[in-house]
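What follows is one structure encoded as structure tokens, with my remarks underneath.
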Amino acid sequence: MSEGAVKHEGGGAVWYGMTSLILKCPADMFVGDRAALKAIAERDVHVHVHALRCAHREAQSRAPAMLGRTVCELTFHDDPRGLRIDVDVQAPLIERRSVARSSP
């Protein structure tokens, strides 16, 4: 699930959004195993990179313009369906300026 919106600030338009990813786990998975999975995911660079790429792709598809340098924050939660990874995204919008072209 993804959501977001543009906020106009002093430096221009900025995209703020969040993407939630669910890694489904079996319903009968032991609590200790779920805690171990969360601990591993929090430290695994591959999980972080995959989550960041997914969140960036989602934000770019929803934003009204290209995203500039993106800042993200990841949080991991135990969820009844499995492991939930929330990625908060913040990025300035790169808006094209209209340029008057001269006639030849």
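None of the figures in this text is laboratory data; all of them are computed from the coordinates on show. What you are looking at is a predicted structure, and each value in this text was computed from that prediction instead of being measured. Heads up, the Cβs are rebuilt from the backbone with ideal geometry, glycines too, and the neighbour counts pull from every protein chain shown.
In this structure, the amide hydrogen of Cys25, modeled 1.01 Å from its nitrogen in the peptide plane, lies closer than 5 angstrom to those of Gly82, Leu83, counting only residues at least 5 positions away or on a different chain.
Along the range 7-13 the Karplus relation, 6.51 cos²θ - 1.76 cosθ + 1.60 evaluated at θ = phi - 60°, assigns HN-Hα couplings of 10, 8, 10, x, x, x, 7 Hz to successive residues, with x for each Gly and Pro. Per-residue Karplus couplings for the range 14-30, computed as 6.51 cos²θ - 1.76 cosθ + 1.60 with θ equal to phi - 60°, are listed in order as 10, 8, 10, x, 8, 10, 10, 10, 10, 9, 5, 10, x, 4, 8, 5, 5 Hz, Gly and Pro entered as x.
Karplus-derived 3J(HN,Hα) values for the range 48-53, using 6.51 cos²θ - 1.76 cosθ + 1.60 with θ = phi - 60°, are 4, 4, 5, 5, 5, 5 Hz; glycine and proline are entered as x.
Around the amide H of Gly68, modelled in the peptide plane, lie the amide H atoms of Leu93, Ile94, all under 5 Å away and 5 or more residues distant in sequence or on another chain.
Given in Å, the Rg to one decimal and the Dmax to the nearest whole number for the Cα atoms of the chain are 18.3, 73. Highest mean first, the peptides 24-31, 83-90 sorted by other C-beta atoms within 10 Å per residue fall in the order 83-90, 24-31. Counting Lys and Arg as +1 and Asp and Glu as -1 over every other residue whose Cβ lies under 11 Å from the Cβ of Val6, the net charge comes to 0. Binning the C-alpha pair distances of the range 1-47 at 10 Å intervals from 0 yields a P(r) profile of 20, 31, 24, 18, 8, 0 %, listed from the shortest bin outward.
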